Structures are given as structure tokens and as C-alpha cells.
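Here is the structure we will look at.
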Amino acid sequence: MTPVLEARDITRDYHVPGSLFKKSRTVHAVKGVSFSVGEGKTLAIVGESGCGKSTLARIVTMIDPATSGDLLIDGRRIDIATEPLTADMRSKVQIVFQNPYGSLNPRRKIGEILTEPLIINAKMRADEREARAMAMLKKVGLEEKHYGRYPHMFSGGQRQRVAIARALMLNPRLLVLDEPVSALDLSVQAQVLNLLADLQSEFQLTYVFISHDLSVVRHIADDVMVMYFGEAVEYGSRDAVFNDPQHSYTRTLFAATPRVDIEAIRARLARKSAAASGASAPAAL
Amino acid sequence: MSLLQIENLVVEFQTASGPFRAVDGVSLKVDPGEVLAIVGESGSGKSVAMLAAMGLLPWTAKVTADRLEFDGRDMLAMSDRDRRRVVGKEIAMIFQEPIASLNPCFTVGFQIEEVLRIHTGLDRRARRIRALELFEQVGIPAAEERLGHYPHQMSGGQCQRVMIACALACNPKLLIADEPTTALDVTIQKQILDLLVELQAEHGMGLIMITHDMGVVAETADRVIVQYKGRKIEEADVLTLFENPKNAYTRALLSALPENAVGGRLPTISELLSDEQIFAGAPR
Amino acid sequence: MSTVTTQTGHPSALAEFWYYFSRNKGAVIGLAVFLLVLFVAVFAPLVAPHGPTEQLRDKLLLPPAWMEGGEASYLLGTDAVGRDILSRLIYGSRFSLFIGLVVVTLSVISGVLIGLVAGYFRGRVDTFIMRIMDIILAFPSLLLALVLVAVLGPGLLNAMIAISLVNQPHFVRLTRAAVMAEKSKDYVVGSRVAGAGTFRLMFLTILPNCLAPLIVQATLAFSAAILDAAALGFLGMGAQPPTPEWGTMLAEAREFIQRAWWVVTFPGLAILVTVLAINLMGDGLRDALDPKLKRS
């Protein structure tokens, strides 16, 4: 079976033009990354700021072209630098952004936001479009009465639901989720993660899930890729990566993630009281 | 004696749709050498409560409290001038956005020396030496050279270290950290949290950690206050809170952590709870 | 699955606008004065006691009513050829508002279009457009308007075209800056991913989100236009006598400054009050529309 998304040796260079005092230079944002995701699966791309994960997201979403390498969607090679995208290809990959406050047009009603992709890409009657939007609204856990409201009337979690609904309007095969829950509160984060899981099983969606939060990744991912300065330093199934990390950076990342289990807290408090008594003991002598 | 003691703090804002009560009767106290975490989601009034206590809110806010004492002194009766002297010197704050908290027009060395100039009687030379000392304390390598750098030349983590150095400049008795690591990467977050806890123990400061992140709470706190919609709903020491949370909201919050997920789904708060259920068990 | 309930009692956009606008007392006063001027302009034939060009040969330079020798039916006195000053001012408000409206419309439409193109496409197009705007801005605006009128020939219409051209670079710059800021936002990228074309992105996605600063600038340009038109009129390059335009009235009265102060004072005051009112109103608009200044 052909994977929904396959990337072979993707690179992306940025040319930083020189000025009077600086020489022009080239920044390698992504340095030869390869991966593939099968239908209905989730690939998580993990890394810290500046590791190239968002650049990669823009390449996969066909917003920016790759400098070199092959991007295959449903087995078809895509190169937006040389040929314009067809509406069909466009609608196969959609994106959900991190910040739910910037990703919805503040001057448009929810209904207009949802029907816009259909107006552009599909020949459909207005009432048909509206019915589709209403159905999608309910699917993501919102109500029909929200159709005529503006984005500023919604909470962050509800906006993220609208953003997800909008991305699904064109029935995409692949959804790129660029830190979709990191701007949300814990309780809302849980709701959105549940929603994403439900939608994935209902529509057989494939996810590329970009995140810096390892606990979320562990919860949602099938495969994990860890990026560090533009390189994929670790790539494998979730269990393999979490149970037996190979690269030292992956191990650093795991060690830095705060632990919320009771043993960890107990150990910390014990260390603390030991340090306190150690510090006061010489004084007592 | 408590370092900071607040009783029945109420903060109201005037807005277009009428008065809005952001903090509703919160009481808390911090002892010297203690790490108190105030945890809550957005809109729980956790930052506003602290800003109000420091007198740092804009004019649209109305702040009342039955008691607001710092180190035995009544902050409510204090003149603005006196309060400003206390805040900054004896109480220091660090914020979420380290790069935005520093003035982009001046070198970080100038800014830290400025803090020293306002709050201490040190001369120029002594200030320089103290600034270097502080930079080394917060783990900034090549401190001498770094003093001459501008905020935009430094990373977020480095800027947060500078902010901590500025906060420590006058040996404060209480440090308030408002989401100090939210804007930072995980590995940097670890470093900053370790640094804060280490400095707190070393100086015997009180530390208030305002956060939405249960992980940060677990890694740093001695005692925890959980806030929801402007009210305090639970207060416990950290182990008790994680082991045996009393309030239904706290329980829901902990079970919503992806680490604690059972199977494919996460329990969510609004599915389980109404406001009445949450407030029923809340201490006043 | 249940949803989080939205905050109850959201005020409507208009109520919110009025809340912030009415906090600024000056703006409310400005609005009241502006509405009064507008009313007077619209109903000039009903409000004015006399015709604007009606001359009374036996009542030249009659002083205002409250002074010795004044007459109650000529409240603000008459000018050198015996025309009622109040009536002329009332009819003159029509010209001032008309000039403001036409100039703002012309400069907003052209300025926004050019700014949108510059901000959206960037690169060479942007550089080319912005250098031309810089050149226009480098001239003292009144001087440039004078030169243009001198080329086109004096008259109200030409004056309006000239003033529009002088005003328009402000709109270009403002639009360009707003477009550049909006263009990188996620919702624009989202629209692109959904397949929106250039035209759609420019006019339907980006432009509506750039309007708030433009509305504020438009009110300020409105008052500037009235002022510029009056200045051109005063220099004899704008509306031609006997049109009761305020600047032209001032110019005609120049030689009577010593003998009959009212002939110059009242047109001057009319310009001052109207321009001040509109500027105050613009300030209030900025308070209400610019989210950066909103305190909540």
C-alpha cells in the first residue's frame, strides 16, 4: 500500500541577503529529512524552537517549496516550484495552526470561514455548502447557532474546533497539525485531542502532528521523529523511541520533561530535605 | 511569621459589559523559604491576584482586601511611594515573556546596573562587580562580555536568566514568577526551573510560582493553591495534591494530563463537572 | 460531546464601540459639533436667513447684531458688498463638507488600492511605488497642491483633485503597513492552503482587516482637506468668488481686517471649529477602533 505522505531527503535552505556589514549566507533549516506516513496513522514531529519542524510543516502543506528532495502525496510527486497545484491536490493536505486567535479571519462569520474552501474549490449550490458546513460544525462538537457568530465570541478551544472543521471541509487525506493544543488549557487540550482521535478513526485521516510536548506526543502518535537543528536525529515507532531512545538529544529531551507521577515528586522532596539537613548539619556541629 | 499574607482579596475590572470580578475572595500566605505554586487555567485570576497584591494593575481595576501584609507591614495602608520601594526591592517579579520584559534599547548590563542604582547605594564600580556576580550566579557564561549585549542578541532562556538576575539584584525576600517558563523550550525550562529552586533554597527566599502547567508544579512546589474562575478551590502540600486531590476539579485536571490517560481517550472537565460541584468543596 | 459555554452577555460590536468612544469626552463633543455642521449644511436653504449671494446696497459692512449699529436679522453682520455673513457661512459649510467628502473618497480609494498592491506583492513593485510616494511626501503639501492647481487651472474641482493627490501617500503607507502585518498571519496562510487566489486574498481576506486604522486616518484627512481647500481658496486658487467657500470668504475680506473684524473672524472661526471637531472625533475613533489602545 502506498503511504499517504512520503518525504525523501527533503532539504530547505534560506538565503539571507547580505548588507553593508554582513556577508550574505545560507541557512539550512531542514537538512535531508525522510519519512513516510500510512493511511490513518499519526506521525509526530518533535523538537524545540528553531529545529526546522515548522519549516517542514510548510513544505508538507505545499505552502513553500523544498529546496531539494521529493515529496509524494498518495504516491504522486509534488513540486510546487515548477508546476501550479491543482485544486484536487490542494484539498488533499490541510493545516491547523497553533494559535487559534490568529488562524481565523476576525472579520468573517464562522459560516463564511467554513464555506470559503468550498466556494473556491468545489462547484456547489449555496444551500448545499451551508448544509455541509452545519454538519461539520456538529461533527467537531459545536452547534448550529454558532454558524452566524464571529471568531471573537468563542473561547480558544472552540476556535481550535472551528479551525479543525475548516481544515476538514475539503475532505483532506492528510492533516498537518502544527502545535494544535499547545496554546490551550489542559482541560481544553484533552477535549481537542479526543476530537482529533475521533475524527481520525471516522475519516481515516492521516496526521502529521508537530509538537514540543512529549506527553501529548506519547498519547497520540504512532511514529515519532525527533528533530534537532534541521536533522532528524531519531525516527521510529512510538514505543521504540520512548522506551529505547538512541540519540543523546532525545534522552536529554526526555530527562527535561517534567514528571507528574507521585514517585518523582516524593524523590524530589526527599532530595530537598536531604539538602536542607545537609546544609544545616554542619552549622549544628 | 508569614512573609506575605493576603486575606479575602477581590479584584474587579470595569469593562464594556459591566464590572467583571477577576479575583473573588482569595486568601493565601507564603512563608520564608517556601515555594508556593498557584495553578489554574486561563481566566482563573492567578496572575491578576498577584499583580493586584503588588499594586501593579491599571486604573480600571478595583482592588479590595481584608488584609494585605508583607513582612509584617500593611501594604494597604502604605503610600504608593513606599509600596513602590518595597515592590522591586523586597518583592521581585519575573514574567512570561523574557525578551519583551527587557528594554530593547539598552544593554542587559545597563539594565541590571540600573536596578542596582535605584535600589541600592552602591557606586558605579561596586555595581559593575555586583552585576558580574549576579550573572555568574544565574549561570550566564562569559558574564563580562554578556553585560554588553542587547536583549535581541540573546536567546529566550538567556533573557530569562537576565530577568532572574535583575530580580535577585537586591536580595528580595519574595520572588514572584509568573509563568516563567511557558515561552521556553523544554530543555531550557528544566534549566530555569532548577535554577529558580536552587537560588530560592540558597537565599531562603519565598517563591510564588504562577503556572498552568502541572509538570512545573510537580517539579518545584512545596505547597499548591488551585484557582478556578477567580476563586481558590483547593490548597494542599504538593504530595497530597497529586496523591489525594480533594476537589473534583483538581481531580479532573490531573486526569486530563496525557500521561495519566487510560486507553485512547482523555477525560475532560466540562463533561464531568458543573461550577456548583467545583465550588461546593472550595475553602474560603 | 458537550462544549464549553461562551461567555454570557457579549455586548454587540456597536455597543462596545460606543462604550470606548464615549469615554473620550472630547470625541463626543466633536461628534456633536460635526453633526450640527452636517445638519446646517444639509438644510442650508431652510436654516439660512438670507440667500448667500443676495446683496443689500444700503447695508455694507453692517456689524454683528449685539454691537452698536447691528441689526437682529443680520446676526453676524454683513460683508463689503452687503451679503449676510451668517447665511454665507451656512452655505459655505456645504462646500467644506463636500470638499472633505470628495477628497477623502478619492484619496482613500486610490491610496488603498496602491498600498494593497505594494504591501501584497512587495519586491520591485513595492520599491517603485514607495519611492514615488516618498517624492510626493517630500514636497510641502500646500505647495504641491498649488503647483497642481496652477497647471490644471484654478477652480473647486481641480483643487479637490490636487488635494486628493497630496493626501493619498498617507493612505498608501498606512495600507501597505497594515497589509504586510496581516499577510503573515495564520488565517491568510490558511486561506492560501484552501486554494484562495491572489485577488481573493487581497480584497476579501486581508483588506477588511486593515480598515480600522484607515477609518481613523480618513477622518483626519477629512479635516486636512477642509483646511487645504480653505488655504487654496484664500490664495485665490480654489473656489472662485462669489462662491461662499470659507477660505474664499477670508480672502475677499482681507482688506477689511482693520475696519470690520467680523468679516474675517467668523469664517476663520468656522474653519477652526469644524476642523477641531473632526480631529477630536478622529481621536475618539482611534480609541474605539485601535485594539492596541483598548483597555479591558
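The values are calculated or read from the model by the stated rules, or taken from the named source; none is laboratory data. Note that the coordinates shown come from a computational prediction; the quantities given were computed from them, not determined experimentally. All Cβ positions, glycine included, derive from the backbone under ideal geometry; neighbour counts span all protein chains shown.
One table, with the values for the structure above:
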| item | result |
| --- | --- |
| Lone unmet requirement of (1) crowded, with 18+ Cβ neighbours inside 10 Å; (2) touching a residue at least 12 places away in the same chain (Cβ under 8 Å) for residue A:109 | (1) |
| Total residues in region A:86-98, condition more than 8 Å from chain C (Cβ to nearest Cβ) and over 21 Å from residue A:160 (Cα atoms) | 3 |
| Residues located in region B:2-18, provided they are at pLDDT below 80, assigned to a strand (DSSP E or B) and not hydroxyl-bearing (Ser, Thr, Tyr) | B:18 |
| Selected residue (only one of A:268, A:238 is more than 25 Å from residue A:11 (Cβ to Cβ), modelled with pLDDT of 90 or more and not hydroxyl-bearing (Ser, Thr, Tyr)) | A:238 |
| Region A:52-84, residues that are at the interface with another protein chain (Cβ under 8 Å from one of its Cβ atoms) and aliphatic (A, V, I, L, M) | A:62, A:63 |
| Residue under evaluation residue C:189, criteria (1) farther than 30 Å from residue A:86 by Cβ; (2) of a type in the set (A, V, I, L, M, F, W, C); (3) out of contact with any helix residue (DSSP H, G or I) (no Cβ under 6 Å at 6 or more places or on another chain); (4) within 14 Å of chain A (Cβ to nearest Cβ), criterion not met | (1) |
| Residues of region C:120-140 satisfying the condition of being among the hydroxyl-bearing types (Ser, Thr, Tyr) and surrounded by 15 or more Cβ atoms within 10 Å (Cβ to Cβ) | C:120 |
| Elements of type helices (runs of 4 or more DSSP H) in region B:45-124, at least 3 residues being modelled with pLDDT of 90 or more and closer than 19 Å to residue B:160 by Cα | B:108-119 |
| Members of region B:72-127 found to be out of contact with any strand residue (DSSP E or B) (no Cβ under 8 Å at 6 or more places or on another chain) and polar (S, T, N, Q), listed by number | B:79, B:103, B:107, B:111, B:120 |
| Check on residue B:232, assigned to a loop (DSSP other than H, G, I, E, B) and either crowded, with 22+ Cβ neighbours inside 10 Å or more than 12 Å from every other protein chain (Cβ to nearest Cβ) (or both) | no |
| Filtered residues of region B:167-188 (kept if in contact (Cβ under 8 Å) with a residue 12 or more places away in the chain, part of a helix (DSSP H, G or I) and touching an Asp or Glu at 6+ places or on another chain (Cβ under 9 Å)) | B:188 |
| Matching option when the condition is under 27 Å from residue B:253 (Cα atoms) and away from every other protein chain (no Cβ under 11 Å), among A:210, A:262 | A:210 |
| Positions within region C:204-215 being under 25 Å from residue C:136 (Cβ atoms) and either within 13 Å of chain A (Cβ to nearest Cβ) or outside any helix (DSSP H, G or I) (or both), in sequence order | C:206, C:207, C:210, C:211, C:212 |
| Top-ranked residue of region A:220-256 - restricted to ones that are assigned to a strand (DSSP E or B), more than 13 Å from chain B (Cβ to nearest Cβ) and of a type outside the set (A, V, I, L, M, F, W, C), ranked as farthest from residue B:258 (Cα to Cα) | A:231 |
| Matching residues in region A:63-84 - criterion: being surrounded by fewer than 15 Cβ atoms within 10 Å (Cβ to Cβ) and closer than 28 Å to residue A:123 by Cβ | A:75, A:76, A:77, A:79, A:82, A:83, A:84 |
| Test result for residue B:77, exposed (fewer than 14 other Cβ atoms within 10 Å of the Cβ), among the hydrophobic types (A, V, I, L, M, F, W, C) and more than 14 Å from chain A (Cβ to nearest Cβ) | yes |
